[in-house]
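Colleague: Provided herewith is a single structure, encoded as structure tokens, for subsequent inquiry.
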Amino acid sequence: MTSKATSLQAPTVARWVLARELRRLRGDRSFTGVAKAIRSQGSSLARWESGKADGQVPGVHSLERLLAHYEVGSEETARIMELRETARTPGWWQGRDIGKPYGTFIGLESAASDICAYEAQIIPGLLQTEDYAHAVTRAVSAPDRAPADDIADRVAIRMRRQEEWIARRTPHLWAIVAEGALHSLVGSSDVMYGQLQRVLELSEEQDLLTLQVLPFTAGAHAAMEVSAFTLIDVSDAGLSTVYLEGPTADIFMDDPKDVTTYRRSFEHLRKAALNSPDSRALITEIAEGLSP
């Protein structure tokens with residue numbers, strides 16, 4: 001997705017942009033005062049102004065009253081109402097048994113121009129083979145005793161994300177993977193060998209992927225206190241956020257200070273990691289040790 005019009009046709013991006021527009025229009029007015037004027041509740045306004053997983057798209061009449069209260073002109077009103085309509089369009093992942101934060105992540109991923117991902121423990125999801133993804137999902141789902149069908153569905157969603165990414169040829173993914181993730185024997189030797197071969201194949205598609213390995217020899221580095229983070233940029237919509245995935249909660253951070261902090265950390269990691277050719281050489285060496 002390379003044009004602004006196309007980017008804003010993505011429901012998740014439209015929801016974030018709509019929320020941003022509503023925050024801009026409210027300015028320094030209080031939630032309580034605005035809510036009273038349009039016969040609504042402050043908590044509802046707060047949800048309308050959140051483009052994240054806890055957000056809510058306002059109803060047609062509620063949004064019309066809100067824009068009238070803000071004295072928005074007819075042209076801008078039409079643009080914002082169109083954003084609302086797009087924001088309510090279901091993505092392919094909706095209706096599946098996944099949490100709202102993960103759904104928001106998939107939506108942003110599908111519209112992003114660039115993604116920078118750091119992984120200390122596992123291979124990034126967009127690069128995983130089905131066997132590797134199944135082994136990882138089964139392991140992290142063990143404490144919840146997730147049924148086999150649920151695990152299979154989660155894996156299917158991950159594979160669909162990968163298929164969509166490769167078909168779109170966007171976003172460009174810059175992935176930095178810690179060396180330990182390449183040595184960790186996930187599933188079996190055969191599974192791990194297949195996974196490393198898949199990473200090598202994708203790394204040849206330089207328009208799609210820039211891959212670096214953070215070697216053991218890098219020592220102390222800027223991201224030692226986190227196991228993973230993802231920077232998502234939807235440049236033509238002016239949207240940037242950091243995504244942190246956890247066992248009990250997923251977090252989005254779009255405050256510019258937070259985004260800058262993680263962007264700087266990624267830049268430090270990029271400098272500490274091996275370049276792409278040396279990264280490929282190391283992965284090849286590790287894979288050869290697993291070769292059947």
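The values are calculated or read from the model by the stated rules, or taken from the named source; none is laboratory data. What you see is a predicted model; the values in this text were computed from it and never measured. Neighbour counts run over all protein chains shown; Cβ positions are idealised from the backbone, glycine included.
Colleague: Which residue is modelled with the lowest pLDDT, if the candidates are limited to region 234-264 and must be crowded, with 20+ Cβ neighbours inside 10 Å and assigned to a helix (DSSP H, G or I)?
Modeller: Within region 234-264, the subset crowded, with 20+ Cβ neighbours inside 10 Å is 234, 237, 239-243, 252, 262.
Now narrow it down to the ones that are assigned to a helix (DSSP H, G or I): 237, 262.
Numbers: ALA237: 87, TYR262: 97.
If we take residues in region 234-264 being crowded, with 20+ Cβ neighbours inside 10 Å and assigned to a helix (DSSP H, G or I), then ALA237 is modelled with the lowest pLDDT.
Colleague: Could you count how many residues in region 237-292 are among the polar types (S, T, N, Q) and out of contact with any helix residue (DSSP H, G or I) (no Cβ under 9 Å at 6 or more places or on another chain)?
Modeller: 5
Colleague: Any idea which of GLU109, GLU179 is surrounded by 21 or more Cβ atoms within 10 Å (Cβ to Cβ) and touching a strand residue (DSSP E or B) at 6+ places or on another chain (Cβ under 8 Å)?
Modeller: That would be GLU109, the only listed residue that is surrounded by 21 or more Cβ atoms within 10 Å (Cβ to Cβ) and touching a strand residue (DSSP E or B) at 6+ places or on another chain (Cβ under 8 Å).
Colleague: Here's a follow-up. How many of the residues making up region 116-145 are among the acidic types (Asp, Glu) and free of Cβ contacts under 8 Å to residues at least 60 places away in the same chain?
Modeller: Residues that pass the stated criteria total 2.
Colleague: Is there a residue being part of a helix (DSSP H, G or I) and on the phi < 0 side of the Ramachandran plot anywhere in region 48-55?
Modeller: yes
Colleague: Determine, yes or no, whether ARG65 is touching a residue at least 24 places away in the same chain (Cβ under 8 Å), assigned to a helix (DSSP H, G or I) and over 19 Å from ARG15 (Cβ atoms).
Modeller: yes
Colleague: Which one of ASP149, ASP97, ASP114 is farther than 17 Å from GLN9 by Cβ and either in contact with a Phe, Trp or Tyr (Cβ under 9 Å, 6 or more places away or on another chain) or small (Gly, Ala, Ser) (or both)? Break it down stepwise before answering.
Modeller: Numbers: ASP149 fails: either in contact with a Phe, Trp or Tyr (Cβ under 9 Å, 6 or more places away or on another chain) or small (Gly, Ala, Ser) (or both); ASP97 fails: either in contact with a Phe, Trp or Tyr (Cβ under 9 Å, 6 or more places away or on another chain) or small (Gly, Ala, Ser) (or both).
Within the list ASP149, ASP97, ASP114, the selection yields ASP114.
Colleague: Tell me which residues, restricted to region 101-132, are in a helix (DSSP H, G or I), among the small types (Gly, Ala, Ser), more than 17 Å from SER203 (Cα to Cα) and at pLDDT 90 or above.
Modeller: GLY107, SER110, ALA111
Colleague: Here is a check on your reading of the model: is GLY91 part of a loop (DSSP other than H, G, I, E, B), of a type outside the set (A, V, I, L, M, F, W, C) and free of Cβ contacts under 8 Å to residues at least 60 places away in the same chain?
Modeller: no
Colleague: For region 20-61, how many residues are touching a His at 6+ places or on another chain (Cβ under 8 Å) and acidic (Asp, Glu)?
Modeller: Taking region 20-61 first, the residues touching a His at 6+ places or on another chain (Cβ under 8 Å) are 34, 37-38.
Then keep just the ones that are acidic (Asp, Glu); that gives none.
Qualifying residue count, region 20-61: 0.
Colleague: Across region 18-43, what is the number of residues that are outside any loop (DSSP other than H, G, I, E, B) and farther than 19 Å from THR77 by Cβ?
Modeller: Pass one, region 18-43, residues outside any loop (DSSP other than H, G, I, E, B): 18-26, 31-37, 42-43.
After this cut, where a residue has to be farther than 19 Å from THR77 by Cβ as well, the list is 31-33, 35-36, 42-43.
The number of residues fulfilling the criteria is 7.
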